[in-house]
Every structure is written in C-alpha cells, then in structure tokens.
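Bear in mind these aren't lab numbers, they're just calculated from the coordinates by the rules spelled out. On a predicted model such as this, the values are computed, not experimentally measured, just so you know. Using ideal geometry, Cβ is built from the backbone for each residue, glycine included, and neighbour counts are taken over all protein chains shown.
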Amino acid sequence: MKRFIIPLAVAGLVILVGVGLSIPNPLFWKSLEVTVTAYNSTRRQTDGNPFVAAWGNKLKPGMKGVAVSRDLIPLGLGDQAEVHIEGFDGPYTVLDKMNKRFERRVDIYFGVDVEAAQEFGKRKATIYWR
C-alpha cells in the first residue's frame with residue numbers, strides 16, 4: 001500500500017506546484033496593487049514614432065502589451081516580462097515604459113482605439129509576475 005501512496009502523493013504535489021507556477025498565485029508569484037490605465041499609439045501620447053515603444057519594441061493594434069511605470073522595472077517588470085492583471089484575460093507582455101512622473105502604474109495598450117481607451121478609464125487592480 002505504501003508503494004502506491006507515496007508516489008501518488010509526490011505526483012500530486014508536483015502537479016500542484018506546476019499549476020501554482022503557471023497560474024498567478026500569491027504563493028508562487030509576486031503581486032502588487034497598481035493603478036491600471038490605457039494608452040494608444042498616437043503622437044499625443046508617445047514620444048517620436050507612436051508605434052515604437054521606449055525599449056524599441058514595435059507596437060501593433062491587437063497586441064496584449066503594457067507599459068509600466070519606471071518604479072516597477074527594478075521589481076522584475078522590465079522589457080518582455082510577463083504580467084497578469086487581475087480581472088483581465090492575460091498574460092500581457094511588458095513592451096514599454098512610462099514617463100518618470102508615474103508610479104505604481106500599468107498602462108494597457110489599446111492600439112489606435114482612443115475611444116475604447118478613454119472608456120476604460122482608470123482603476124485599481126492587482127498584478128502578478130514572476
């Protein structure tokens with residue numbers, strides 16, 4: 001009987017840890033409450049070319065990308081980091097960084113749909129990353 005229970009328990013533990021690593025979970029992922037806003041590829045909202053992000057990433061409407069405030073970068077949310085935003089279908093990829101005046105903030109990329117970005121507004125949410 002022990003020959004069966006121990007391997008089964010180990011397999012169950014491996015599955016639970018695997019699930020915990022793939023789905024945002026405060027036990028295995030870093031988390032932080034931030035302000036979430038939206039941005040677009042418009043000259044008014046960006047520097048220079050509105051389809052090239054601060055790290056040189058090319059932005060295309062429909063991408064699941066975000067910009068992060070610079071205070072989040074040392075926490076592990078740098079270029080190409082994967083981030084999940086509570087209440088949103090993720091993951092998102094960090095593609096851009098925001099102006100230095102913003103703190104604890106994530107901007108979801110809305111392509112060229114300015115109306116949708118304005119409708120989105122500003123809200124609080126918890127983000128998760130590894």
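General observations
- Once segment 46-63 is narrowed to residues that are surrounded by 14 or more Cβ atoms within 10 Å (Cβ to Cβ) and not β-branched (Val, Ile, Thr), the residue that is nearest to residue 125 (Cα to Cα) is 63.
- Selection from segment 63-90 of residues that are among the hydrophobic types (A, V, I, L, M, F, W, C), within 22 Å of residue 117 (Cβ to Cβ) and in a helix (DSSP H, G or I): 72
- Any hit, segment 117-124, residues being among the small types (Gly, Ala, Ser) and without any contact (Cβ under 8 Å) to a residue 60 or more places away in the chain: no
- Residue that is surrounded by the fewest Cβ atoms within 10 Å (Cβ to Cβ) [pool: residues in segment 86-112 that are under 20 Å from residue 41 (Cβ atoms) and under 8 Å from the mean Cα position of the chain (by Cα)]: 93
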